[in-house]
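Colleague: Pasting in a structure now, in structure tokens, and then I'll have a few things to ask.
What follows is calculated from the coordinates using simple rules that are stated; it is not laboratory data. Predicted, not measured: the structure shown is a model, and the values here were computed from it. Ideal geometry is used to build each Cβ from the backbone, glycine not excepted, and the neighbour counts take in all protein chains shown.
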Amino acid sequence: MKRRNEKKHVIDFLFPLAVFFVLAASSVAIVVLASGFYSRQVKASSDSYSGRTALAYVTEKMHQNDENGAIAEGTFDGENALVIRQRYDEKDYVTYLYAYDGYLRELFIQDGTEDPGNKGLRS
């Protein structure tokens, strides 16, 4: 049997090593870019869901109280509010729907209730 005397070159070791590092770096870059894209999509989806949910809630409240003069525009704590007047058990109630600190808020109180904490209830 004849042995081949081939001379090994440094490139025989460096080329596969370089290809491995290029593939590894590409894989890491793809994972980092994809995770950034995914987190942006999740945030956008969450924001969109929150907006749609709040809008659906306000729309449903308006549909529930669809009577002549039951819904009006007013203010609550210096902010614009949707004022809904209702009657339960021979008593009048007022619901304020307003935005506060980036959130949709609702206050349901008996009409004529003294303004606790001087919140500026006006309709």
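Colleague: Where is the GNM fluctuation largest for the chain (alpha-carbon springs, 10 angstrom cutoff): Tyr88, Tyr38, Tyr103?
Modeller: Tyr88
Colleague: Please give the helix 11-64 orientation as an angle from the longest Cα principal axis of the chain, in degrees from 0 to 90, rounded to the nearest 10.
Modeller: Approximately 10 degrees, to the nearest ten.
Colleague: Here's a follow-up. Where nothing but the Cβ of Lys and Arg (+1) and of Asp and Glu (-1) is charged, how large is the charge dipole of region 33-118 around its Cα centre, in debye to the nearest 20?
Modeller: About 640 debye.
Colleague: Please name whichever of Thr95, Gly36, Ala18 sits farthest to the positive end of the charge dipole of the chain, dipole taken about the Cα centre and charges placed at Cβ: Lys and Arg +1, Asp and Glu -1.
Modeller: About the Cα centre, the residue reaching furthest to the positive side is Ala18.
Colleague: In whole Å, how far is the Cα centre of region 96-115 from that of region 30-48?
Modeller: Cα centres, region 96-115 to region 30-48: 35 Å.
Colleague: I've got another one for you. So, counting K/R as plus one and D/E as minus one, what does the shell of residues with Cβ under 12 Å around Ala99 add up to?
Modeller: Combined, the nearby Lys, Arg, Asp and Glu give -3.
Colleague: Counting only other residues whose beta carbon sits under 15 Å from that of Ile71, what net charge do I get with K and R as +1, D and E as -1?
Modeller: Counting the neighbours of Ile71, the net charge comes to -4.
Colleague: I've got another one for you. Quick check on packing: order 55-66, 24-35, 72-83 by the mean number of other C-beta atoms within 10 Å, highest mean leading.
Modeller: For the peptides 55-66, 24-35, 72-83, the packing ranking is 72-83, 55-66, 24-35.
Colleague: May I pose another question? Based on a Kirkwood Rh over C-alpha pairs, give the Stokes-Einstein translational diffusion coefficient of the chain at 25 °C and viscosity 0.890 mPa s in µm²/s. Numbers along the way, then the final one.
Modeller: Working: Rh = 20.4 Å.
Here the translational diffusion coefficient equals 120 µm²/s.
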